[in-house]
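Only one structure is covered here, and it is reproduced in the block below.
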Amino acid sequence: MMPTCRSSLLQPDIRAALLAVFAILTMGMSPCRADLLIEPGDTVHISVADASRFDGDRRVDVDGRIMMPQLGGIAVQGLRLEEAGARIAEELAKRDILKAPNVLVEMTKYRPVYVGGKVRRPGSIDFEPGMTVRHALILAGGAGQDQEQNAAAVDIPELRAKWKTVSYQLLQVNSRIARLDSELARRETAAPPAAAGSVPAQDRDALASLDGNILKDRLQTWTENQVHLRDALALYDLEIDVLDQQSGLQKNERDLTGRQVETTRALVEKGLVPLPRLQELEHVQSQASQDLLENQAFMARARQSRATVEYELKTADINWRMEISQQMREAMADRTRLKAELEALSSQILNAGDDLSEATDRQFQTVVEIYRPNAGQKAPIAASMDTEIMPGDVLDISFLKGSG
């Protein structure tokens, strides 16, 4: 779950209740790093309990401020999420807009990373926590042409970048197929995905771990859904049984009242009982009949609802298998396409005089320099493919000819 800020001036018991609500509402949000500071270009989401007019996404402008109704510009540059929430809560209270504001601040979107130099698609890419230079390079289309090399040699870095990208995509598909196969069999673990190209072992393990977590969550959801449906059936059975017992009692009451009416009618005819007494009993008899009819209506609705739940329970497995089978079909088509693309790239690399081993990377060494303007870093930072990047980083990619 994304780290969030909750700033409150409420009493502990009220604050605890509201925080529980916020925790439910924020489940499933995109992850972020709590140590990253808010900077211009970021987009944050503001939620204020019981004051929805303040809710919404706010983009941090070039002056490091966000604009909010009734508050105007609030300076948040250089603050952590919880600090920004505290500042907003303080302003709301100080200006007597809210007496006890409870503010939740979340990171909606980081400022982008910029990739330039020898890449196929220079420009901005969305930042995600944990992103490395390798990820950014892949998203930028891989290493581009170095105009100082001859045409035959120039294609090699580009082809290898494509080859690695397709290798990773193929590994993703293989991992997804393994996970879907386990879902169909309802196995709790998936077989390791088939290796593809030259994807590093740590990336293979990370991908397998992600799909393993998805598998676990999917199976847990399936189990909980089955339990929920069976519990619903049990509740409807109990309701129907209670209504049936109630119906029996109501029938007995109606019949008893009917006999009393007949007896009283005979006594009225003989002048032994006044007419209002008979009318009173007839009213009771009518009410008993009405209660019985209402009970029967409730019984019919309960049985209909039970039949619906029973149908959902019986068809859940079929729908589950149909959904996964469709996903499996699409994944297998993707695998066939990517395999063909990888084979074509491999042939192009071999025809260019290179081979598919990692050692051939020595011919053209990729040089990466990171400029970090938000941190006041003027000098470039030398980076490797595994260097973790930050929001707003500017990556300059170049080639250095090796000794190979």
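The numbers here are math on the coordinates, done by the rules we state, and not lab data. Being a predicted model, the structure only gives us computed values, none of them experimental. All Cβ positions, even for glycine, are placed from backbone atoms using ideal geometry, and neighbour counts span all protein chains on display.
General observations
- Counting other Cβ atoms within 10 Å as a rough exposure proxy, the listed residues Phe127, Phe298 run Phe298, Phe127 from fewest neighbours to most.
- Applying the criteria of a DSSP loop state and at most 10 other Cβ atoms within 10 Å to the trypsin sites (Lys or Arg not before Pro) of the range 190-271 yields Lys270.
- For the range 42-109, the average shadow cast by the Cα convex hull is 3.9 nm², which is a quarter of the hull's surface.
- Given Lys109/Lys164; Lys314/Lys339; Lys109/Lys216; Lys109/Lys339, the pairs whose alpha carbons are separated by over 32 Å: Lys314/Lys339; Lys109/Lys339
- Net charge of neighbours whose Cβ lies under 12 Å from the Cβ of Val261, counting Lys and Arg as +1 and Asp and Glu as -1: 0
- If a spin label sat at a point 7 angstrom from the Cα of Leu184 along the line to its beta carbon, the backbone N atoms of the range 320-344 nearer than 16 Å would be those of 320-336.
- FRET efficiency for Thr132 and Val394, using Cβ-Cβ distance with R0 set to 22 Å, rounded to 0.05: 0.90
- Nearest-0.05 FRET efficiency for Glu90 and Arg329, computed from C-beta distance (R0 41 Å): 0.15
- Here the calculated FRET efficiency for Asn351 and Asp386, from their Cβ-Cβ distance with R0 = 22 Å, stands at 0.10, rounded to the nearest 0.05.
- Rounded to whole Hz, the Karplus (6.51, -1.76, 1.60) HN-Hα couplings of the range 165-174, x for glycine and proline: 5, 5, 4, 5, 4, 5, 5, 4, 5, 4
- The phi-based Karplus calculation (6.51 cos²θ - 1.76 cosθ + 1.60; θ = phi - 60°) puts the 3J(HN,Hα) values of the range 226-233 at 5, 4, 4, 5, 5, 4, 5, 4 Hz, whole numbers, x for Gly and Pro.
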